[in-house]
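The values are calculated or read from the model by the stated rules, or taken from the named source; none is laboratory data. Worth saying up front: this structure is predicted, and the values here are computed from it rather than measured. With ideal geometry, Cβ positions are generated from the backbone for all residues, glycine too; neighbour counts draw on all protein chains shown.
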Amino acid sequence: ASEAEEHDVVVIGGGPGGYVAAIKAAQEGLKTACVEKRGTLGGTCLNVGCIPSKSLLNNSHIYHQILHDVENRGIDVGDVKLNLTQMMKAKEQSVSGLTKGIEYLFKKNGVDYVKGTGTIAGEHEIEVNPLDGGEPQTLRARNIIIATGSEATPFPGLEIDEKRIVTSTGAIALTEVPEKMVVIGGGIIGLEMGSVWSRLGSEVTVVEYLGAIGGPGMDAEMAKTMQRILQKQGMKFKLNTKVMGGDVEPNNIKVNVESAEGGKSEAIDADVVLVAIGRRPYTANLGLENVGIEVDERGRIVIDQEYRTKIPHIRVIGDVTFGAMLAHKAEEEGIAAVEYIKKGYGHVNYGAIPSVMYTHPEAAWVGQTEQEVKAAGKAYSLGSFPFSANSRAKTNLDTEGMVKFITDKETDRILGIHIIGPNAGEMIAEGVLAMEYGASSEDIGRTSHEWAVLTLSKAHPTLSEAFKEAAMAAFSKPIHA
Ligand code: FAD
Ligand code: NAI
């Protein structure tokens with residue numbers, strides 16, 4: 001190994017958690033290196049996750065809308081054809097622009113970018129096996145931040161080849177539109193990627209073990225509404241259904257399913273099967289055993305509230321440890337972990353981390369679901385407002401969905417906000433801010449969103465008027481519904 005180099009911080013993994021931690025550490029004046037084995041920065045999110053999936057979601061939505069939703073708007077188009085190769089190129093362009101952007105930010109902030117696989121060899125030592133196959137290199141670090149992320153959970157008995165039996169990584173790179181696609185798991189990946197291929201022409205069947213779609217964390221009423229909307233768009237759902245296995249034939253895959261309550265079984269034909277049953281922490285070759293760092297029964301690295309393992313200067317953030325597997329959650333933890341190193345304190349408000357599902361319409365939420373509030377035995381009030389009564393949504397002929405507030409019955413403090421609607425992913429930011437500041441629904445309901453009364457006026461017509469009216473519904477009455 002080459003001579004050891006001393007850094008204040010070495011980050012292992014260059015995803016949203018790791019690259020943000022590295023930039024923040026360098027900004028704080030710490031000598032920082034980031035080890036990444038992929039060959040590009042940005043991790044799962046930029047390379048094979050958030051960014052490519054959102055590119056395909058956006059462009060497949062435009063295609064679908066041109067096919068099915070422009071004539072009524074007074075736009076006649078000729079022959080509409082899908083150019084999948086170009087759609088994939090557009091996706092690759094977004095990915096490469098953004099991953100290179102992170103490399104630029106590393107240079108700008110003075111982060112050493114080390115390309116290779118990092119293995120913790122000792123409490124202050126990381127051995128790096130370079131990507132280009134050269135001599136291993138040893139980095140010495142006062143502090144180590146592990147941000148090695150997650151990988152798709154495999155389905156026993158269905159071997160992933162990323163062509164016919166795919167995870168999300170194969171699903172964002174198919175070279176033709178499958179005639180029939182079976183999606184195992186009706187969580188966020190299943191619904192986003194299922195939407196993409198359904199819009200592009202596949203017959204998509206989603207098989208979900210539980211009685212509701214949306215994965216953990218989605219409000220039950222919203223999950224039902226979303227299912228109805230996606231069914232109208234052509235997706236099929238088999239809920240309360242177990243996948244037992246599959247028979248891979250030369251031109252077909254038979255997916256064998258059985259009712260979760262036992263009994264009825266059937267086989268569903270597919271050209272492509274998407275396995276989307278969750279993701280699991282990724283710690284292969286990380287060398288945790290060399291220093292005795294523990295993982296829990298689900299493979300998550302065990303940490304305390306300051307992101308420390310039992311070796312206090314080795315901290316862990318993002319998908320590889322506890323909590324929601326979301327890019328912005330990993331980023332916030334990256335900043336907080338560095339603040340702990342530099343200043344001795346840091347903070348992430350886990351009660352105010354939004355989730356967005358980028359279907360059309362989008363679903364977005366923050367805080368607790370109604371079923372969680374109910375289970376906690378808390379007295380609560382509800383306020384909701386449909387987009388069918390919102391003037392901007394009506395003008396746009398895009399009226400599906402609603403905004404729903406859940407508030408504490410006694411204090412009116414907001415406990416959760418759930419939105420299905422056009423632009424829900426942007427609108428939820430207002431809810432996050434409200435929850436961060438401990439707002440009540442009345443605080444929001446009395447803030448002018450559309451007309452010039454009481455306070456600063458916001459523009460009309462806007463979709464955010466529905467947000468205000470749902471808050472009004474929670475503490476008094478909305479005007480427009
Ligand atoms: P990762 O992004 O997984 O990064 C970890 C990095 O560490 C990887 O690049 C890996 O190569 C590297 N690494 C691992 N081990 C080593 C090692 N020993 N040495 C060197 N490098 C190593 N989240 C959202 O918030 N919004 C979305 O819209 C969204 N869409 C998604 C869509 C899909 C299809 C998928 C799969 C995920 C999506 N996510 C989304 C989740 C999001 O991608 C993750 O939560 C996020 O990437 C986690 O960041 P991370 O830094 O913890 O890990
Ligand atoms: P998920 O946890 O959201 O959903 C998995 C679904 O599969 C659940 O509904 C579960 O009940 C079901 N399931 C599990 N085992 C099954 C089985 N054997 N048969 C049938 N159904 C089964 O996981 P998903 O969709 O794989 O996504 C992984 C993570 O990636 C998510 O937790 C999310 O954090 C992140 N992600 C975030 C996105 C976003 O923020 N827009 C987009 C895509 C992914």
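In this structure, does residue 1 turn out to be modelled with pLDDT under 95 and of a type in the set (A, V, I, L, M, F, W, C)? Please lay out each step first, then the result.
Details: modelled with pLDDT under 95: yes; of a type in the set (A, V, I, L, M, F, W, C): yes.
So residue 1 fits the description; yes.
Flag not set for residue 32, criterion: modelled with pLDDT of 95 or more and either within 16 Å of ligand 2 (Cβ to nearest atom) or within 25 Å of residue 192 (Cβ to Cβ) (or both). Taking the range 34-80 as the range and being of a type in the set (A, V, I, L, M, F, W, C), within 30 Å of residue 13 (Cα to Cα) and in a loop (DSSP other than H, G, I, E, B) as the test, only 41 passes.
Give the residue that is nearest to ligand 1 (Cβ to nearest atom), with candidates limited to residues of the range 33-78 that are more than 30 Å from residue 133 (Cα to Cα) and touching a Phe, Trp or Tyr at 6+ places or on another chain (Cβ under 7 Å). Here the answer is 54.
Residue 38 satisfies every condition listed in (1) under 14 Å from residue 91 (Cβ atoms); (2) free of Cβ contacts under 8 Å to residues at least 40 places away in the same chain except (1). Of the residues making up the range 197-244, those that are under 25 Å from residue 353 (Cβ atoms), in a helix (DSSP H, G or I) and not hydroxyl-bearing (Ser, Thr, Tyr) are 220, 221, 222, 223, 224, 226, 227, 229, 230.
Scanning the range 25-42 for residues that are surrounded by 24 or more Cβ atoms within 10 Å (Cβ to Cβ) and in contact with an Asp or Glu (Cβ under 8 Å, 6 or more places away or on another chain) gives 25, 32, 33, 34, 41. None of 337, 324, 364 is buried (at least 22 other Cβ atoms within 10 Å of the Cβ) and not in a strand (DSSP E or B) except 337.
Taking the criterion of being more than 13 Å from residue 209 (Cα to Cα), touching a strand residue (DSSP E or B) at 6+ places or on another chain (Cβ under 6 Å) and modelled with pLDDT under 95, the only residue of the range 256-277 that qualifies is 265.
Inside the range 152-178, residues that are surrounded by 17 or more Cβ atoms within 10 Å (Cβ to Cβ), within 13 Å of ligand 1 (Cβ to nearest atom) and not hydroxyl-bearing (Ser, Thr, Tyr) make up a count of 5. Within the range 79-92, none of the residues are more than 16 Å from ligand 2 (Cβ to nearest atom), surrounded by 15 or more Cβ atoms within 10 Å (Cβ to Cβ), modelled with pLDDT of 95 or more and under 30 Å from residue 129 (Cβ atoms).
For the range 30-53, filtering for residues that are among the small types (Gly, Ala, Ser) and more than 11 Å from residue 327 (Cα to Cα) leaves 3.
Of the listed requirements (1) away from ligand 1 (no atom under 16 Å from the Cβ); (2) within 30 Å of residue 368 (Cα to Cα); (3) at pLDDT 95 or above, residue 253 misses just one: (2).
Of the strands (runs of 3 or more DSSP E) lying entirely inside the range 114-175, those carrying at least 2 residues that are among the β-branched types (Val, Ile, Thr) are 125-130, 137-146.
Pull up the range 355-377, narrow it to residues that are closer than 20 Å to residue 432 by Cα and of a type in the set (D, E, K, R), then point me to the one that is nearest to ligand 1 (Cβ to nearest atom). For the range 355-377, the residue satisfying everything is 362.
Just the residues that are of a type in the set (Ser, Thr, Tyr) and within 16 Å of ligand 2 (Cβ to nearest atom), please, taken from the range 35-78. Correct list: 44, 53, 55, 60.
Any residue at all in the range 37-54 that's over 21 Å from the mean Cα position of the chain (by Cα) and among the hydrophobic types (A, V, I, L, M, F, W, C)? Walk me through it before giving the result.
If we filter the range 37-54 for residues that are over 21 Å from the mean Cα position of the chain (by Cα), which is where we start, we get 37, 39.
Within this subset, residues satisfying the condition of being among the hydrophobic types (A, V, I, L, M, F, W, C) are none.
Within the range 37-54, none of the residues are over 21 Å from the mean Cα position of the chain (by Cα) and among the hydrophobic types (A, V, I, L, M, F, W, C).
Restricting attention to the range 430-461 and to residues that are among the charged types (D, E, K, R) and at pLDDT 75 or above, the residue that is farthest from the chain's Cα centre (by Cα) turns out to be 446.
Test residue 191 against the criterion of being within 16 Å of ligand 1 (Cβ to nearest atom) and either among the acidic types (Asp, Glu) or part of a strand (DSSP E or B) (or both), and give yes or no. Considered against the rule, which asks whether it is within 16 Å of ligand 1 (Cβ to nearest atom) and either among the acidic types (Asp, Glu) or part of a strand (DSSP E or B) (or both), residue 191 comes out as no.
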